[in-house]
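The values are calculated or read from the model by the stated rules, or taken from the named source; none is laboratory data. Because the structure is a prediction, the values reported are computed rather than measured. Positions of Cβ are generated from backbone atoms using ideal geometry, with glycine treated the same way; all protein chains shown enter the neighbour counts.
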Amino acid sequence: MSYKILIAEDDNDIVEILRLYLENEGFELVISRDGEEALKEFEKKNVDVALIDIMMPKMNGYDLIKKIRDSSNIPIIVMSAKNMDSDKILGLTLGADDYLTKPFNPLEVVARIKSQLRRFYDLNSSVPDEANNVLSVGELFLDPSNLTVEKNGVSISLTPTEFKILSLMMKTPGKIYTKMQIFENINGDYYESDDNTLMVHISKIREKIEDDPKNPQYLKTVRGLGYKIEKH
């Protein structure tokens with residue numbers, strides 16, 4: 001199967017290096033030089049992954065992510081020269097699954113795309129026996145069959161990566177997962193640069209599932225070890 005990758009990037013040098021590496025891996029590319037064109041291409045074509053630059057003409061990457069998330073949960077990887085934590089947090093908060101800071105190694109881009117594809121298609125093709133088992137911890141209920149989470153009967157909207165992290169830990173309440181174990185389970189690969197990205201995902205999950213995110217009752221940090229879902 002040939003996966004289709006949307007590249008929203010106005011720097012021609014970056015586009016050509018990505019073209020070289022991604023086409024060599026057998027990916028089909030849809031290339032857009034500005035945000036508005038990228039949105040039109042996304043709406044016309046069945047895209048599997050989006051690589052999105054933040055600083056683009058006509059529509060910036062943040063607005064493009066929001067538009068895509070209105071109708072799709074495909075993996076989104078942000079590419080940006082901005083390396084401030086606030087920029088990363090904003091991109092992930094809007095629904096991006098991963099964040100690459102320029103300049104980057106194109107081989108890492110390939111690896112991260114493959115990881116996101118594995119995660120996405122594993123998430124959307126649950127084993128039937130597992131799909132029928134709703135996970136519950138306290139007032140939290142996670143349904144793998146329709147990818148929903150509820151707390152006290154109220155629906156909680158999670159990004160695909162947030163859902164995968166929460167699903168992993170809710171299967172085994174009380175078990176401590178290291179950062180490396182979490183990323184290897186949800187992506188298949190781990191990079192040192194993933195540490196900050198994971199912290200953002202954990203923070204966003206807490207904001208959504210906890211009554212008081214600063215004093216979490218579900219998603220706990222085990223200092224020096226990792227994270228766990230507390231038994232209830």
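Below are the figures for this structure:
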item	result
Any chance L51 is of a type outside the set (F, W, Y) and either buried (at least 21 other Cβ atoms within 10 Å of the Cβ) or touching a His at 6+ places or on another chain (Cβ under 6 Å) (or both)	yes
Answer residue from segment 207-223, given it is outside any helix (DSSP H, G or I) and touching a residue at least 24 places away in the same chain (Cβ under 8 Å) and is farthest from L94 (Cα to Cα) among those	V222
Identity of the residue in segment 69-95, in contact (Cβ under 8 Å) with a residue 60 or more places away in the chain and in a loop (DSSP other than H, G, I, E, B), that ends up surrounded by the most Cβ atoms within 10 Å (Cβ to Cβ)	P75
Residues satisfying the stated conditions in segment 100-155, i.e. aromatic (F, W, Y), under 22 Å from L6 (Cβ atoms) and at pLDDT 85 or above	F104
Complete set of residues in segment 145-168 that are surrounded by 15 or more Cβ atoms within 10 Å (Cβ to Cβ), of a type outside the set (G, A, S) and not in a strand (DSSP E or B)	L147, L158, T159, P160, T161, E162, F163, K164, I165, L166, L168
